[in-house]
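Since the structure comes first, as structure tokens, the remarks are kept for the end.
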Amino acid sequence: VYIDPLQGTDMLIENCNFDGTFRARNDITFVNTRFYNRRFWLGNETLWEGSLPRNILFKDCVFEHDDHNEVYWHVCSHWNGKGTAHAENIVFENCKGIDLELMEYSPEDEIIIKQEREKL
């Protein structure tokens, strides 16, 4: 599944159940969605593809993987080889199954994980 919101910004995908390989680039929100993830790319793969990965929000999502010994997430950004280009505002809020050990990313990429504290 290739989700390219360049056709329309601020895309919302809600209450879905995905199984497969995914790619998303920017300005998209996933809410209450389950991903059975074989691979997930956040970014552009080549220098000429366009915008950097930014403003991607996963809220109340569940991520499952078929093998926890491999890297499943690939956060990448190439920007004509000029300057420093990194992913911005990639947020996982109250998600289950997120593990930075399963992500390939640069330390300069902005990946934010927010978890609500359980009420006592």
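A quick yes/no check of all residues on (1) in contact with a Leu (Cβ under 6 Å, 6 or more places away or on another chain); (2) open to solvent by 50 Å² or more (accessible area, probe 1.4 Å); (3) under 20 Å from ASN15 (Cβ atoms); (4) modelled with pLDDT under 80:
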| residue | (1), (2), (3), (4) |
| --- | --- |
| ASN44 | no, no, no, yes |
| CYS61 | no, no, yes, no |
| LYS82 | no, yes, no, yes |
| CYS95 | no, no, yes, no |
| ASP109 | no, no, no, no |
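Scan the range 30-42 for residues that are open to solvent by 10 Å² or more (accessible area, probe 1.4 Å) and either more than 14 Å from VAL62 (Cα to Cα) or without any contact (Cβ under 8 Å) to a residue 12 or more places away in the chain (or both) and report the count. Give the steps one after another, and end with the answer.
Residues of the range 30-42 that are open to solvent by 10 Å² or more (accessible area, probe 1.4 Å), as a first pass: 31-32, 34, 36, 38-39, 41.
Keeping just the survivors that are either more than 14 Å from VAL62 (Cα to Cα) or without any contact (Cβ under 8 Å) to a residue 12 or more places away in the chain (or both) gives 39, 41.
So the count comes out to 2.
The values are calculated or read from the model by the stated rules, or taken from the named source; none is laboratory data. Because the structure is a prediction, the values reported are computed rather than measured. Here Cβ is always computed from backbone atoms with ideal geometry, including for glycine, and neighbour counts include all displayed protein chains. Surface accessibility is based on the protein's heavy atoms, side chains included, excluding ligands, DNA and RNA. Shrake-Rupley method; radii C 1.70, N 1.55, O 1.52, S 1.80 Å.
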